[in-house]
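Reading through the structure tokens given below for one structure.
The values are calculated or read from the model by the stated rules, or taken from the named source; none is laboratory data. Bear in mind the structure is a predicted one, so any value in this text is a computation, not a measurement. Neighbour counts are summed over all protein chains in view; Cβ atoms, including those assigned to glycine, are modelled from backbone coordinates with ideal geometry. Ligands, DNA and RNA are excluded from the accessible area calculation, which covers all protein heavy atoms including side chains. Shrake-Rupley method; radii C 1.70, N 1.55, O 1.52, S 1.80 Å.
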Amino acid sequence: MNSRLMSIGQLAQKTGCKVPTIRYYESIGLLSAPSRTEGGQRRYGDSHRVNLTFICHARDLGFGIKSIHELLSLHDHSATEDGIKDKTLHRADDIAREHLLEVEHKISKLSALRDELRSMIDACHSGETRSCQVMSVLADHQLCHHRHGVEPQ
């Protein structure tokens, strides 16, 4: 048996990824299926460790499964076909730019939410439920200062 092969527990320990998550990534095709021993135990190689590290880092950065799948595919193609490198790099940039726009949109929504919560809390000083701005605003969205999460009618 090759000493470079590792069990799922060893892979989890080396990458910081939990065993059920590794199994999940395999089940959706994000991580390739490993070889198995005669007893059916998974055996992972260095390529699994490298790809799982890539996946975990991309997830930490908030990339979605679909984007990570495409990025992994681009990585695989760029490593094997030199003529595709420029196209691959442009698509990887596009994916990262799309994700950045999503993050900026979320930040904008969270900032508005933060401002609304501050406004509600600042307006509530009495401690009585009937005059508490928090309770009033939660009961009537029209009292909000921002359009957080509500589409115009």
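Points to keep in mind about this one:
- Every residue from region 67-88 that is loosely packed, with under 13 Cβ neighbours inside 10 Å and either modelled with pLDDT of 75 or more or more than 25 Å from the chain's Cα centre (by Cα) (or both): SER73, THR80, GLU81, ASP82, GLY83, ASP86
- Search result, residues across region 44-60 that are open to solvent by less than 40 Å² (accessible area, probe 1.4 Å) and over 30 Å from VAL103 (Cβ atoms): TYR44, GLY45
- Inter-residue pairs, beta-carbon under 6 Å, first open to solvent by less than 30 Å² (accessible area, probe 1.4 Å) and in region 26-39, second of a type in the set (Lys, Arg), 6+ apart: PRO34/ARG42; PRO34/ARG43
- Total residues in region 1-47 satisfying the condition of being assigned to a helix (DSSP H, G or I) and more than 19 Å from the chain's Cα centre (by Cα): the figure is 8.
- Cβ pairs under 6 Å, 6+ apart, first in region 47-63 and over 13 Å from ILE22 (Cβ atoms), second open to solvent by less than 70 Å² (accessible area, probe 1.4 Å) and of a type outside the set (Ser, Thr, Tyr): ALA58/ILE68; PHE63/HIS99
- Being free of Cβ contacts under 8 Å to residues at least 60 places away in the same chain and either open to solvent by less than 70 Å² (accessible area, probe 1.4 Å) or closer than 24 Å to GLY64 by Cα (or both) is a description that does not apply to ARG4.
- Considering only residues in region 104-120 that are surrounded by 12 or more Cβ atoms within 10 Å (Cβ to Cβ) and not charged (D, E, K, R), the one that is modelled with the lowest pLDDT turns out to be MET120.
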